Amino acid sequence: TRNRFVFTGNERHTGPGLLEFLEDGNVIHCSPISSLDDILKEITRKGLGATGGVDNVGKLIGLITDYDIRKALSNKKINEGIIAKEMMNSKPSFFHPEDKAYDVLLQMEERERPISVAPVVDKDQKFLGMVSVHDLLQKGL
């Protein structure tokens, strides 16, 4: 199953949901057959360090971060013909738009291995965009 973050009842906070933090143009994504060059352009375009991998109907099927690319480079798994599905994390952690932004920030920072960016999907797994710790803090959380 997917790695949706789960909150216990006492962790819920009031405040804005993630939908308020998803900006137009933040829906950066690639297809499973995107080239390394296309992936790097997409990751660089918004400066988030990651891109969502989506299928032909827009559902999230994975996540590629700059860490994934560095890891593939260090393991000598990158060649000229490598495509997105060969590098992507096919079970990324994600959030939903109704999740409270403050709770999301805590979950991203208090993990065993903190993350700085995560995908946001709707109830049907449609990729809506990315949320970053930087964006959440910059907007006043």
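Note on Asn79 and Asn56: their simple-model spin labels are 2.7 nm apart, each label 7 Å out from Cα toward Cβ.
A 1.4 Å probe run over the stretch 64-141, with the rest of the protein chains in place, finds 57 Å² accessible per residue. Shown is the FRET efficiency for Asp122 and Ile33, computed with R0 = 22 Å from the Cβ-Cβ distance and rounded to the nearest 0.05: 0.40.
The orientation-averaged projected area of the convex hull spanned by the Cα atoms of the stretch 60-141 comes to 6.3 nm². In this structure, the residue pairs whose Cα-Cα separation is over 26 Å, taken from Lys91/Lys126; Lys41/Lys76; Lys41/Lys77; Lys46/Lys139; Lys46/Lys126; Lys76/Lys126, are Lys76/Lys126.
The values are calculated or read from the model by the stated rules, or taken from the named source; none is laboratory data. None of these values were measured; they are calculated from a predicted model. All Cβ positions, even for glycine, are placed from backbone atoms using ideal geometry, and neighbour counts span all protein chains on display. Keep in mind that these areas ignore ligands, DNA and RNA; they rest on the heavy atoms of the full protein, side chains included. Shrake-Rupley method; radii C 1.70, N 1.55, O 1.52, S 1.80 Å.
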